[in-house]
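Take a look at the structure below.
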Amino acid sequence: MDEMSYCSFSGGEEYTNHFQPGIYVCADCGHELFSSSSKFQHSSPWPAFCQTIHPDSVSKHPEAWGPLKVCCGKCGNGLGHEFLYDGPKEGLSRF
């Protein structure tokens, strides 16, 4: 199983269309964030996941405009947002 670095914004996103088995980790500290088994196709230019690999993989912080800001649960590196109810199935979120 491969280990892919997630959310290293310099140079663009290289894992948008990557669906090989593996674990996505924080680009700054290597903390496990998402499994490829929770990844799904989405129109976003970034990889889309419907759940984290561990309950403490990310920390979430409310944003005034709706979604939750998502950071690495270990080092606080900014990872993007959680869009509630925008996942591949009813009731799931999109990270």
Inset, instruction - For N77, list long-range residues whose amide hydrogen, built 1.01 Å from N in the peptide plane, is under 5 Å from its own amide hydrogen. - result: C72
Inset, instruction - State whether the range 25-95 is rounded, prolate or oblate according to the following rule on the C-alpha gyration tensor (a ≥ b ≥ c being the square roots of its eigenvalues): a/c under 1.5 gives rounded; otherwise a/b larger than b/c gives prolate, and the remaining case gives oblate. - result: oblate
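Every number in this text was worked out from the coordinates using simple rules, so none of it is lab data. Keep in mind that this is a model prediction, so the values were computed, not measured.
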